[in-house]
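Just below is one structure, and these are the notes that go with it.
Where a number appears in this text, it was derived from the coordinates with a stated rule and is not lab data. Predicted model, so just to flag it, every value in this text is computed and none were measured. Glycine also receives a Cβ, built like all others from the backbone with ideal geometry; neighbour counts cover every protein chain displayed.
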Amino acid sequence: MISINDLVHARPYPEFLGSVEVDPLREADALQEAQLLDSRVCHLTSTAALLFELRTSLQFDVGNSALLVVRGLHSFDWKSPAKQVPFAALTVVSSAADRLSDSLRARFEFFPAAHLAVAGDLAEFYVLEVEGIGDVPPDYSSGDVTNIQGALPSWSSACSLLQASILH
C-alpha cells in the first residue's frame, strides 16, 4: 500500500498496472457524477493533483477513489461563485481532456456551479481502493465534519493502486 500523497510525488509506472476501464484522459465525461474532494498545486514541482470520490461515479465499477496528477503544470484555472454554498462535495457534470499544440488540458464542470481547467506536459490518472471508508459516501447534510472526513479518501489515506493511464 502507498499513500495518495506519495503517488503524487512517487511517479509510479502506469504501464505495469491494469489499464483503466474508462479513461478520463481520452474519453469525454468519463468522470461524470464522481466528486472532486480536494486539489493541490505544488509550484516547486510544477504539479497539480486532483482527488476524486468514485463511489458516486456512473462509469467506474472498481475502486472508490481516483487521483489525477498533471506534471509540468502550465496553468490551473479555478472558477466558482462568490456566494457561500452548503457543505458538499463538487459533483462532476462534465469532463474532457485534449491535447493542445504545446500541452494537454483537462476541463471540468461541477455542481454546484464551478469550473476547473488545468494544463501541463503530461497527466496520470489512477483508480484507487482506499481501505476503511465504507461502500457509500458520507451524508454531508449531517454537518459533522470529523465523521464526513473520516469516511472520505484524503491525501494521507493508504490505498491500493488498481488501474492507471498516462497521457503525454
Inset, instruction - Report P(r) for the chain: all Cα-Cα distances, bin width 10 Å, range 0 to the bin holding the largest distance, values in whole percent. - result: 10, 41, 38, 10, 1
Legend entry - FRET efficiency for K83 and Y140, using Cβ-Cβ distance with R0 set to 22 Å, rounded to 0.05: 0.80
Inset, instruction - Figure the gain on full extension for D29 and T45 (residue separation times 0.36 nm, minus the Cα-Cα span) and round it to one decimal in nm. - result: 2.9 nm
